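J.: Shown below is the structure under consideration.
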Amino acid sequence: MAQHKISTGQQVAVVWDSHSSTEALQNFVKDIQAAVGVEGHVSVENLNQLLQSSHRESRFDTVLSGLIPGSLTVHRDEVLAEIARIVKPGGRVLLKEVVTAETGNNSRLKAITKLPTALTLAGLIEVRELQKEPLTSEQTQAIQEELGSQCNELVFVEIEGKKPDFEVGSSSQLRLSFVKKTIPSEKRAVDPTAAKLWTLSANDTNDEDPDLLDSDELLDSEDLKKPDPASLKAPSCKESGKRKACKNCTCGLAEELEKEKKNNLKPKSACGNCYLGDAFRCASCPYAGMPAFKPGEKILLNENSLHDA
């Protein structure tokens, strides 16, 4: 079977469907067996029973499907995945399938442009179309009756693909070299002016009367002016509404608010007549029962007066 690239000693799987005759199947298998010789092996599987077969993974060098004369094979996605599973890494898959040249069909037939994609999704690489030929009227009618399809533009496409040279989930140890390579670093050129600026001479270290700068000479009249406290406040301190000092307030707002808080704690007269005496005081006045006093005079209340109030 030179046209199928079968060589001596190979393990070959032949997949057939019910449309091919028994005689055609026997003749095809006979030719494959003669090509592989006594050292090889040929396994024959029905297309509808392939998923129930007990073939181990990566068993066959080549899988041939739909190539027997009279076949009208349509490979489902599950079948393509099973074919890719049982073929060896680096092995070949050669298929012949009925496809449609019409686009946008809703039948089980694949479009001719979608067949390579289906093989790629199944796990095959280097997918390429070998040849195509039209179906006869009898074959077209048989496919239409079997699949319930109304497609008329049907063709046979012979296509092949290859399984990658590795198994899914396989691993390989990488040889890593951790030898550090010494890369000569280029010496940067030094600016002579900068080098002179940072270089100390013997005269500099032995100078008994070094020139020192007076820090006050570095300040001018503007620096000595006392700043306006309002100018030191943050922009948020000048906003209207409830004022609140920052956590680390340095503008004096915190002291100002603390002072206002203390002033608010001092007792204030509601009527302004507390110092005049009981005749002018309110019923709830804390100074009730005490003599009149001068405004601003410090008044000490005893404990009994506080309880009565």
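The values are calculated or read from the model by the stated rules, or taken from the named source; none is laboratory data. Source: prediction; values computed, not measured. So basically every Cβ, Gly included, is an ideal-geometry build from the backbone, and we count neighbours across all protein chains shown.
J.: Filter the stretch 30-50 down to the residues that are of a type in the set (Val, Ile, Thr), surrounded by fewer than 18 Cβ atoms within 10 Å (Cβ to Cβ), over 50 Å from the mean Cα position of the chain (by Cα) and not in a loop (DSSP other than H, G, I, E, B) and list them by number.
T.: Step one: list which residues in the stretch 30-50 are of a type in the set (Val, Ile, Thr), which gives 32, 36, 38, 42, 44.
Those still in the list that are surrounded by fewer than 18 Cβ atoms within 10 Å (Cβ to Cβ) too: 38, 44.
Adding the requirement that they be over 50 Å from the mean Cα position of the chain (by Cα) leaves 38.
Correct list: empty.
J.: Does Thr62 count as of a type outside the set (Gly, Ala, Ser), buried (at least 16 other Cβ atoms within 10 Å of the Cβ) and modelled with pLDDT under 90? Steps first, please.
T.: Numbers: of a type outside the set (Gly, Ala, Ser): yes; buried (at least 16 other Cβ atoms within 10 Å of the Cβ): yes; modelled with pLDDT under 90: no.
Spelling it out, it is not the case that Thr62 is of a type outside the set (Gly, Ala, Ser), buried (at least 16 other Cβ atoms within 10 Å of the Cβ) and modelled with pLDDT under 90.
J.: Could you please let me know if Ser107 is over 24 Å from Arg56 (Cβ atoms), more than 44 Å from the chain's Cα centre (by Cα) and modelled with pLDDT under 90? Walk me through it before giving the result.
T.: Working: over 24 Å from Arg56 (Cβ atoms): yes; more than 44 Å from the chain's Cα centre (by Cα): no; modelled with pLDDT under 90: yes.
Spelling it out, it is not the case that Ser107 is over 24 Å from Arg56 (Cβ atoms), more than 44 Å from the chain's Cα centre (by Cα) and modelled with pLDDT under 90.
J.: Can you confirm whether the stretch 62-76 contains a residue that is assigned to a strand (DSSP E or B) and among the polar types (S, T, N, Q)? Write out each step before concluding.
T.: Filtering the stretch 62-76 for residues assigned to a strand (DSSP E or B) gives 62-65.
Then keep just the ones that are among the polar types (S, T, N, Q); that gives 62, 65.
The answer is yes; a qualifying residue exists.
J.: Moving to a separate point now. Checking Pro267 against (1) surrounded by 10 or more Cβ atoms within 10 Å (Cβ to Cβ); (2) under 30 Å from Glu297 (Cα atoms); (3) modelled with pLDDT of 70 or more, only one condition comes out false. Which one?
T.: Only one criterion is unmet by Pro267, namely (3).
J.: Select from the stretch 1-29 the residues that are small (Gly, Ala, Ser) and assigned to a helix (DSSP H, G or I) and write down the one among them that is nearest to Pro69 (Cα to Cα). Lay out the reasoning, then the answer.
T.: If we filter the stretch 1-29 for residues that are small (Gly, Ala, Ser), which is where we start, we get 2, 7, 9, 13, 18, 20-21, 24.
Checking the rest, the ones that are also assigned to a helix (DSSP H, G or I) come to 2, 24.
Values: Ala2: 17, Ala24: 6 Å.
Going through the qualifying residues, I end up with Ala24.
J.: I've got another one for you. Give the residue that is modelled with the lowest pLDDT, with candidates limited to residues of the stretch 110-148 that are more than 44 Å from the chain's Cα centre (by Cα) and surrounded by 15 or more Cβ atoms within 10 Å (Cβ to Cβ).
T.: Start the filter on the stretch 110-148 by keeping residues that are more than 44 Å from the chain's Cα centre (by Cα), which leaves 133-146, 148.
Restricting the remaining residues to those that are surrounded by 15 or more Cβ atoms within 10 Å (Cβ to Cβ) gives 135, 139-140, 142-144.
Numbers: Leu135: 87, Gln139: 87, Thr140: 85, Ala142: 86, Ile143: 85, Gln144: 82.
Restricting to residues being more than 44 Å from the chain's Cα centre (by Cα) and surrounded by 15 or more Cβ atoms within 10 Å (Cβ to Cβ), the top hit is Gln144.
J.: Which of (1) out of contact with any Ser or Thr (no Cβ under 9 Å at 6 or more places or on another chain); (2) modelled with pLDDT of 70 or more; (3) β-branched (Val, Ile, Thr) does Val179 not meet, given it meets every other one?
T.: All conditions pass for Val179, except number (2).
J.: Any residue in the stretch 6-14 that is in the same structural domain as Pro134 (by TED's automatic domain parsing), modelled with pLDDT of 90 or more, touching a Lys or Arg at 6+ places or on another chain (Cβ under 9 Å) and farther than 25 Å from Thr117 by Cβ?
T.: Yes, some residue in the stretch 6-14 is in the same structural domain as Pro134 (by TED's automatic domain parsing), modelled with pLDDT of 90 or more, touching a Lys or Arg at 6+ places or on another chain (Cβ under 9 Å) and farther than 25 Å from Thr117 by Cβ.
Yes/no matrix, rows are residues, columns are (1) touching a Cys at 6+ places or on another chain (Cβ under 6 Å); (2) touching a residue at least 60 places away in the same chain (Cβ under 8 Å); (3) farther than 21 Å from Ser149 by Cβ:
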residue	(1), (2), (3)
His19	no, yes, no
Leu25	no, no, yes
Val44	no, no, yes
Pro69	no, no, yes
Asp77	no, no, no
Leu95	no, yes, no
Gly123	no, no, yes
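J.: I've got another one for you. For residues that are more than 26 Å from Gly9 (Cβ to Cβ) and of a type outside the set (A, V, I, L, M), tally how many sit in the stretch 49-68.
T.: Here is the first cut: in the stretch 49-68, the ones more than 26 Å from Gly9 (Cβ to Cβ) are 49, 51-52.
Keeping just the survivors that are of a type outside the set (A, V, I, L, M) gives 49, 52.
Result for the stretch 49-68: 2.
J.: Out of (1) more than 30 Å from Gly296 (Cβ to Cβ); (2) at pLDDT 75 or above, the odd one out for Glu256 is which?
T.: Just one mismatch for Glu256, condition (1).
J.: Go over the candidates Asn248, Asn203 one by one and state the one that is modelled with pLDDT under 70 and surrounded by fewer than 10 Cβ atoms within 10 Å (Cβ to Cβ). Spell out the reasoning first.
T.: On the way: Asn248 fails: modelled with pLDDT under 70.
That would be Asn203, the only listed residue that is modelled with pLDDT under 70 and surrounded by fewer than 10 Cβ atoms within 10 Å (Cβ to Cβ).
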